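These notes concern the structure reproduced below.
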Amino acid sequence: MGLSNELSIPSPASGRMLLADADAGTIVLPRTGAAERTAVQSGIVTTTFGKLIQWGRYSSLWPALFGLACCAIEMMSSTASRYDMSRFGAEVFRASPRQADLMIVAGRVSQKMAPVLRHIYDQMPEPKWVISMGACASSGGMFNNYAIVQGVDKVVPVDIYIPGCPPRPEGLIDAVMKLQKKIAGELPGTLLG
Amino acid sequence: MTALPPPGTPTADLDPLSEQYEASRERLGIERGLDSIDLVEIGDSTMELNMGPMHPSTHGVLRLVLNLDGEVVRECRPDIGYLHTGFEKDFERHTYQQCIPYTDRMDYLAPLFNNLGFALAVERLLGIEVPPRGQYLRVIMCELCRVASHLLWYGTGGLDLGATSAFMYAWRDREKLLDINELVSGVRMHTSFIRVGGLMADVPDEFYALVGEVIKTFPKLIDEHELLITRNPIFRQRTIGLGTLNAADAMAYGATGPVLRGSGVPYDLRKAAPYSSYDHFDFDVPVGRTGDVYDRYLVRMQEMRESLKIIEQAFANLPDGPVNTSDRRVALPPRNELNTSMESLIHHFKLVTEGMRVPAGQVYQAVESPRGELGFYLVSDGSTRPYRCKVRAPSFSNLSALPYMVRGELIADVVAVIGSIDITLGDVDR
Amino acid sequence: MSGARAADLLERELPAAVRRRETGFGEETVWVGREDLVAACTLLRDHPDAAYTTPILVTAVDWPDREPEQPRFDVVYMLRSLEYNDTCRLIVQVTEDDPNVPSLELVFAGMDWHERECYDLLGINFTGHHDLKRILLPTDWDGHPLRKDYASFGEPIAFTHNLEWALPAQERPRDMPGASR
């Protein structure tokens, strides 16, 4: 605690760092856990194989339908005729979380919905990623009140945050592309470990 | 559904543990033991199935608990509140102009109607009148919003029943309307374009070209949409005779909008209680006959055409002049005055930070949104913030008729009925 | 004058029910007594001169500073007559210690959900309702948010003087002041 005159956000106790991305304003968090643990296990042969696996994973992300409110409409717009997200492999929006690997939390999460959100996240098989779309999902947005969870990262770990109310469909597509870059940079720990 | 028992019957003052209480509940059609919405019973002949809140076809976070006998729905209990945002509490904490962006996010498929309803309610309390150009532009933007909302209903409704092309066609056209929103206000959805006292600003020059384009091309595009679906035998088989709601029950449930008009009641607030110059325009109100899903579909498709008629008339007769009221209690001073007059600067500062002072009183203002009667019951205590703003959401009342509409239908038809009511969960839960 | 038809009818047929009648901003409001509410609404629904068949809303307005001179809650009912194209407003006043109002669910089918919402957000108890449960908030929620003494709290915005609010909840210092929900 204590007063601080710095304007930067300090790195929290766990050692994670928040990297602000220069373009488009999305924020990327490095993934902790399984990937880091098995990093030491992969050598040179498996690195190429790993790259292939990751290419397969990011090129066909299957989002789970988790449109909650207004951002869901922009999410639908991004899959529709003009901003076609299926160009990036994310065409098939699965209704069942058991067949999905990307959860785009699009919209405000109310207190009643938060346990359901966690339940659906738990039902998704590994590897899975979460994009928090919009201001309400990222931080509670304009609703600083009793009813809305102030940021979906209180409930699930988030990989990409998209600002906007609602973000443009291009913003969502940019986030998916950034996630693809992030997946390419990760190691397929869950395959080897 | 049998007629409701007369008032003054046993439940009125009864002890819930007494026998007469159970008997009265039976008269309402509630069977014993079906109280707990969290149980999933698999009995000998019936099963309780949970549908939602994460479901591709519930149009949002709606949870239905269905009591099924095979595939036939015997009882349906909606569990709402998964999108409750506490708007009404937020209204009490913000000044009147600050409330406008909040109103956008309630019925997020038709945001301009929320803006309009709230702005009209405040303007009634203030006793100010928006200039004719502002009123006509409000009408044009609102009717464009209505077409956009109905297109979205059409696309998602078609998608629910398997017509994936309908979704793509609808969005192709909706994007053109969102382009107009973006031109005029900078935002695709949630424009906050209609504010207390008028509009955000006057429209730029490219507006006329874009709206002219819409007026010319949309009637044919809507014909294209109808071509895909209206005579399609699969669609007709799935929707005719389904989810019937007769006029008396529609009124008893408080259903309004296309749900009420589909049941044969020709009531439209734009005709019955015109606001914002709607009485200057000549348009018809489509009405259904039987109140089934198909009738509501036809009503909405025709409403899109009527909206285009209204836009055409308003556009052709668009008057010149200011778009905002000149009443200094509400309107910000013109910018050139801010450079020279100290009072204007102070006035501007107070209007923006403190907000406008609205006389004490209560008023109810309803507008005809694409979903029905969207009403704002506004209570002011004379200060700069609303004391209580209750939003009468059309989807809330329309959805309360759902258990009645799906009783006896197949579970696959529940999806079609929900689509035909056209709910927006932001509206239902607020 | 919107609602004049209803007010006149009530004064003619049920004069004991009408406590007060007021006009403002083009609308007429009638204050009725709690005991007469069901009878008044049934009359408004069934009488051929009125035909207020559609319920619009049920809500309450909380005036906590009015007690003890006047009751705290104004329970507001609005009905619409499609035939005569009119809306009317009825207000029932109840106190904080006795927030009970008879349920109108047997008069209008749509009142069921409206009353549940009013109970959920404001704590008005509708006696005779078959199942007065919370509808918008989780069933185990404490308190009634739209009451004026309910502090609606999300989270403070993190500035440089309260930087610990920028941390995730698990990593905030244990001895931090303020409610950390």
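What the table shows:
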| item | result |
| --- | --- |
| R0 of 60 Å, Cβ-Cβ distance B:ASP69-B:ASN339: FRET efficiency to nearest 0.05 | 0.20 |
| Between helix C:37-46 and chain C: long-axis angle, C-alpha atoms, 0 to 90°, nearest 10 | 60 |
| Alpha-carbon radius of gyration plus Dmax, which is the widest Cα pair, for chain B in Å | 23.4, 83 |
| Area projected by the alpha carbon convex hull of the stretch C:10-121, averaged over all directions, nm² | 7.3 |
| Leading residue at positive end of dipole, chain B (Cβ point charges), from B:GLN362, B:ILE80, B:ASN317 | B:ASN317 |
| C-alpha center-to-center spacing [the stretch C:95-110, the stretch B:241-259] in angstrom | 24 |
| Positive-end residue, the stretch B:193-265 charge dipole about Cα centroid, Cβ charges, pick of B:GLY241, B:LEU210, B:HIS225 | B:GLY241 |
| Area of B:VAL214 that stays accessible when all protein chains are in place (1.4 Å probe, Å², to 10) | 10 |
| Sum of -39500 (n - 2.57) over DSSP H runs of 4+, divided by residues of chain C (222 nm, nearest 500) | -5500 deg cm²/dmol |
| Point-to-point label distance, B:SER45-C:ASP46, nm (Cα→Cβ direction, 7 Å offset) | 3.6 |
| Accessible-area value, A:LYS182, 1.4 Å probe, nucleic acids and ligands omitted, Å² | 30 |
| Kirkwood Rh (inverse of mean 1/r, distinct Cα pairs), the protein assembly as shown, angstrom | 28.0 |
| Segment C:GLU11-C:GLU35, extension gain: residue separation times 0.36 nm, minus the distance between their alpha carbons | 7.1 nm |
| Principal-axis tilt of helix C:111-122 within chain C, Cα atoms, nearest 10 degrees | 40 |
| Listed residue pairs exceeding 32 Å between alpha carbons, taken from A:LYS154/B:LYS176; B:LYS89/B:LYS350; B:LYS176/C:LYS133; A:LYS178/B:LYS176; A:LYS112/B:LYS220; A:LYS154/C:LYS148 | A:LYS154/B:LYS176; B:LYS176/C:LYS133; A:LYS112/B:LYS220 |
| Structure-based [θ]222 nm, chain B - -39500 (n - 2.57) summed over DSSP H runs of at least 4, per residue, nearest 500 | -15000 deg cm²/dmol |
| Area of B:THR340 that stays accessible when all protein chains are in place (1.4 Å probe, Å², to 10) | 120 |
| Whole-number D in µm² s⁻¹ for the stretch B:167-281, Kirkwood Cα-pair radius fed into Stokes-Einstein, 25 °C, 0.890 mPa s | 138 |
| Extension gain, B:LYS350 back to B:ASP223 (0.36 nm per residue minus Cα-Cα distance, nm) | 40.6 nm |
| Listed residues C:ASP149, A:ASP101, C:ASP62 arranged by accessible area, highest first, probe 1.4 Å | C:ASP149, A:ASP101, C:ASP62 |
| Residues B:GLU129 and A:VAL92, FRET efficiency given R0 of 41 Å [Cβ-Cβ distance, rounded to 0.05] | 0.20 |
| More than 18 Å apart - percent of Cα-Cα pairs taken over the stretch C:70-181 | 64 |
| Relative contact order of the stretch B:47-166, defined on C-alpha pairs under 8 angstrom at six or more residues apart (%) | 13 |
| Distance between the stretch B:307-323 and the stretch A:58-86 - C-alpha centres, whole angstrom | 35 |
| Accessible-area ranking of B:ARG430, A:ARG87, B:ARG289, B:ARG236, largest first, probe 1.4 Å | B:ARG289, A:ARG87, B:ARG236, B:ARG430 |
| List C:ARG12, C:ARG89, ordered by accessible area with a 1.4 Å probe, largest first | C:ARG12, C:ARG89 |
| DSSP beta bridge pairing in the stretch B:327-430, given as percent antiparallel to the nearest 5 | 100 |
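The values are calculated or read from the model by the stated rules, or taken from the named source; none is laboratory data. All figures in this text were calculated on a predicted structure; none of them were measured in a lab. No Cβ is skipped: glycine too gets one built from the backbone with ideal geometry, and neighbour counts run over all protein chains shown. The area values use the complete protein model at the heavy-atom level, side chains included, leaving out ligands, DNA and RNA. Shrake-Rupley method; radii C 1.70, N 1.55, O 1.52, S 1.80 Å.
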